[in-house]
Structure formats: C-alpha cells, structure tokens
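Down below is the structure, laid out as structure tokens.
The values are calculated or read from the model by the stated rules, or taken from the named source; none is laboratory data. Owing to the predicted nature of the structure, the values given are computational and were not obtained by experimental measurement. FYI the Cβ positions are ideal-geometry reconstructions off the backbone, even for glycines, and counts take in every protein chain you see.
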Amino acid sequence: MTSKVLETNVILLTCSLAAAVFLAWSAGSNNAANIVAAVVGARTIKLNKALLITSVFVVLGSLMLGSSVAWVLSAGIVDVGSIPTSSLIVGMLVAMLAAGSWVLTASLLKVPVSVNETVLAGIIGFGILVDPSSVMWGQVIIIYVLRFSTVPLSGLISFLIKKFLADYLEDPETTSSATLLSLFLISAFTTYLTVSKLLGVVLGLLTALVLSTSLLVVSKVYVDEKSIDRYERIYLYRNVFSVLIIALMSLAYGASNAGITAGPLLKIVTSELRLANESALPALLAFSGLLISLGIISWGRRVVGTLGEELATLNYSTAVVTYFSASLTTLVLAELGVPAATTMAVTGSIIGASLAEGYSAVNMRVVRKILTMWALTTPACVTISCVLYWLIMLVT
C-alpha cells in the first residue's frame with residue numbers, strides 16, 4: 001500500500017513539473033507582446049533584439065523580485081487549510097494544466113491574454129469542485145472588478161494624453177522631453193511594482209531620476225562628440241528609450257509573473273518533498289523565469305504582430321503614450337493590492353491612443369476577437385480545471 005502511495009506521489013510530482021514547464025513556456029510566448037509590441041510596431045527597435053532583451057530581464061526580475069505573486073497564487077485564492085493535502089496537490093496541478101492549455105490556445109489564435117487570470121480561474125475551478133466555501137470569494141470579486149477596469153481606465157488616459165498633447169508628442173523639438181517624462185514615470189512604476197509601499201515609492205523615484213538623467217547626459221555627450229544633427233538626435237533618443245523601456249517592463253513582468261508557475265508549484269513541492277517554503281521558492285522562481293524566457297525567445301513573436309500591427313498602426317508617439325498610460329494604470333492597481341494586469345493595460349492603452357486619431361485607426365475586428373477571448377477565459381479555465389480534477393481523482 002505504501003509503495004503504491006509513493007508511486008502515485010512520484011507520478012503527481014512529475015506531472016506537476018511537466019505542467020509547470022508547459023505553463024511557463026506558454027506564458028512567455030504569449031505575454032512577450034505586452035512588453036515589446038508598441039516599440040516594435042512603431043519601428044524603433046527590431047523584434048529579435050527586443051525579444052532578447054526581454055528574455056534576459058525577465059529572468060533577472062523573477063530571481064530578484066518574484067516572490068510576492070507566488071505567495072498570492074499558492075495561498076491567497078483558496079483557503080488551503082480547509083482542503084486536504086492530496087486534493088490541494090491535484091488542484092494546483094490541474095490549475096496549471098488548465099491555464100497552460102488556454103494560454104496556448106490564445107497564442108495559436110494570436111490573441112494576448114492575462115496569464116495571471118488563467119491561473120486564478122484554474123485555482124477557482126478546483127476550489128469550487130472540492131469545497132466552494134474554500135474559495136475566498138470577496139477577494140476574487142475585488143480582483144476581477146479592478147482588473148477588468150484596467151482596459152477602460154488605461155484607454156481613457158491614453159486617449160486624453162494623445163488627444164490633447166499630440167502636437168507636443170510628435171514635434172521633433174519636444175520628443176526628447178516626452179521620452180524623458182515617460183521614462184521617469186515608467187521606471188518609478190517598475191520599481192514600485194517590484195518593491196511595494198513606502199520603500200517602493202522612494203526607490204522608484206530615485207531609479208526614475210537616475211535613469212532619466214543618465215539618458216539625458218549620455219545622449220548629450222554623444223551628440224556633442226559626434227556633432228549629430230537634431231533628427232539623428234531624435235532617433236538616438238527613441239532607440240535608447242526603446243531599449244530602456246523594454247528592460248524596465250521586462251524586469252517588472254518577471255517580478256510579477258514568475259509566481260504564475262512558482263505559486264502553484266510551491267504548494268506541490270513543499271507538500272511532496274517536505275521542504276520549507278523559504279528554501280524552495282528561490283529555486284522555483286529561477287525555474288519559472290528561465291522557462292518564461294525560453295517561451296519569449298522561441299515563440300514570443302507569435303502575438304506581437306496582433307498588438308503591434310493588426311490592432312492599430314503605431315508610431316513613436318503612440319508607443320510613448322501606451323507605456324505611459326499602461327504604467328500609470330498598473331501603478332494605481334498595484335497600490336490597491338491587485339496583481340498587475342499588463343496585458344489589459346497595454347491593450348487598452350493602444351486602443352485609446354489610436355482612437356484619438358480617429359475611429360478608423362483601430363481595427364475593430366481585432367478588438368472584438370481579443371474581447372471575446374478575454375470573456376471566455378475565466379469560464380473556460382474553470383471548466384477545464386474542474387474536468388481535469390474530476391478525471392485525475394477518478395483514476396487515482
């Protein structure tokens with residue numbers, strides 16, 4: 001009997017690791033678009049270069065700052081104390097499988113989705129089947145309401161900025177100032193998101209000041225030494241801005257999304273191998289970050305075209321507004337304790353900034369396709385999770 005239980009546990013652990021690989025790779029391949037689509041679509045940086053920078057900084061973000069989301073996804077959605085350990089292990093396994101399956105489906109359809117939402121829905125699915133009262137419904141409702149407010153909020157901000165500051169953003173004489181202003185906010189947002197509360201505010205402002213000043217000084221020195229004319233200077237600002245913004249957004253993405261895989265896997269590994277959470281988490285974050293990075297490199301281009309080209313025709317000013325608005329929106333949500341919904345923030349910002357140029361600037365067919373996929377995400381992942389949980393429990 002003991003031998004059979006051990007064999008079952010080994011199988012579950014092996015399947016869990018495989019599911020984690022699948023989910024992390026799928027997450028990277030789909031969500032790379034959130035980070036690079038706007039600048040790639042604006043033709044300020046090459047796609048391959050953007051994906052390479054993204055993959056490196058996602059790993060750094062996951063290793064240095066990725067623990068908070070892992071704790072939320074491992075214990076903050078369902079009351080783990082009220083669920084038997086064996087059921088919890090199977091539940092986390094099916095949550096990863098359900099999420100990975102849906103994210104892969106979205107990537108095949110070239111649609112960006114929130115990977116955090118898919119995992120959240122997967123955990124809710126098995127929680128409903130095991131014990132509906134174990135699901136922390138109050139917290140779940142708040143998270144969903146605030147996350148789905150991201151699209152209209154970021155869209156409204158980007159629309160207003162683009163509508164009333166279009167001349168300023170597109171004027172070659174002021175483009176460097178717009179770049180510095182955006183970089184300041186985005187670097188502050190990135191640091192705040194990865195640290196939190198008062199320390200995050202202080203470090204965020206310091207980081208923003210250092211990066212913005214560095215960009216200004218380095219560019220000025222380079223211009224003086226090379227006697228570059230104003231149009232070459234503008235190109236330099238745009239290129240440097242693109243690299244820095246990708247690095248910053250990737251760092252934040254790695255910090256907030258490494259827990260997508262590490263969270264559910266943390267509960268499984270600590271239960272099966274009897275490891276302390278604190279000792280297992282760093283290795284799992286590294287594992288998650290590397291696999292997300294692999295997904296970005298190998299298939300990240302799949303969804304980039306949808307946000308960067310098909311949704312709307314982007315230019316540099318639209319890219320600046322997109323990142324500015326998405327960062328501001330996500331910063332507000334982070335202050336409210338809601339995990340960053342970068343997919344929704346970036347998509348909403350692109351739509352809003354493009355609508356400022358006219359209704360015809362946005363491909364409404366693509367908008368409908370994205371919104372339909374988002375609407376189906378939660379019910380689909382909940383259903384897949386329930387079915388997989390029932391099947392696994394039936395055969396074990």
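Just to be sure, is residue 346 of a type outside the set (Gly, Ala, Ser) and within 24 Å of residue 303 (Cα to Cα)? I'd like the intermediate steps shown before the answer.
Numbers: of a type outside the set (Gly, Ala, Ser): yes; within 24 Å of residue 303 (Cα to Cα): yes.
When the stated conditions are applied, residue 346 passes them.
For residue 110, work out the one condition from (1) surrounded by 23 or more Cβ atoms within 10 Å (Cβ to Cβ); (2) at pLDDT 90 or above it doesn't fulfil.
Every listed condition holds for residue 110 apart from (1).
Can you pull out every residue in the range 42-64 that is within 13 Å of residue 290 (Cα to Cα), crowded, with 17+ Cβ neighbours inside 10 Å and modelled with pLDDT of 90 or more?
The answer is 54, 55.
What pairs come out if I take residues in the range 380-396 that are over 21 Å from residue 13 (Cβ atoms) and pair them with residues that are among the acidic types (Asp, Glu) and part of a helix (DSSP H, G or I) whose C-beta lies under 9 Å away, six or more apart or interchain?
Cβ pairs passing all conditions: 381/117.
Got a sec? Which of 306, 261 is surrounded by fewer than 24 Cβ atoms within 10 Å (Cβ to Cβ) and of a type outside the set (A, V, I, L, M, F, W, C)? Even if it seems obvious, please write down each step before you answer.
Values: 261 fails: surrounded by fewer than 24 Cβ atoms within 10 Å (Cβ to Cβ).
None of the others qualify; the one that does is 306.
So which residues in the range 135-152 are surrounded by fewer than 21 Cβ atoms within 10 Å (Cβ to Cβ) and part of a helix (DSSP H, G or I)? Explain how you work it out, then say what you get.
Our first condition is that a residue be surrounded by fewer than 21 Cβ atoms within 10 Å (Cβ to Cβ); within the range 135-152, this holds for 135-142, 144-146, 148-149, 152.
Passing the criteria: 137, 138, 139, 140, 141, 142, 144, 145, 146, 148, 152.
Working carefully through the options 13, 23, find the one that is over 16 Å from residue 307 (Cβ atoms) and at pLDDT below 90. Break it down stepwise before answering.
Values: 23 fails: at pLDDT below 90.
None of the others qualify; the one that does is 13.
Being of a type outside the set (D, E, K, R), within 19 Å of the chain's Cα centre (by Cα), over 30 Å from residue 304 (Cβ atoms) and at pLDDT below 95 narrows it down to one residue among 127, 91, 76, 138; which is it?
The match here is 76.
For residue 361, only one of the following conditions fails: (1) touching a helix residue (DSSP H, G or I) at 6+ places or on another chain (Cβ under 6 Å); (2) surrounded by 19 or more Cβ atoms within 10 Å (Cβ to Cβ). What is its number?
Checking residue 361 against (1) touching a helix residue (DSSP H, G or I) at 6+ places or on another chain (Cβ under 6 Å); (2) surrounded by 19 or more Cβ atoms within 10 Å (Cβ to Cβ), the one that fails is (2).
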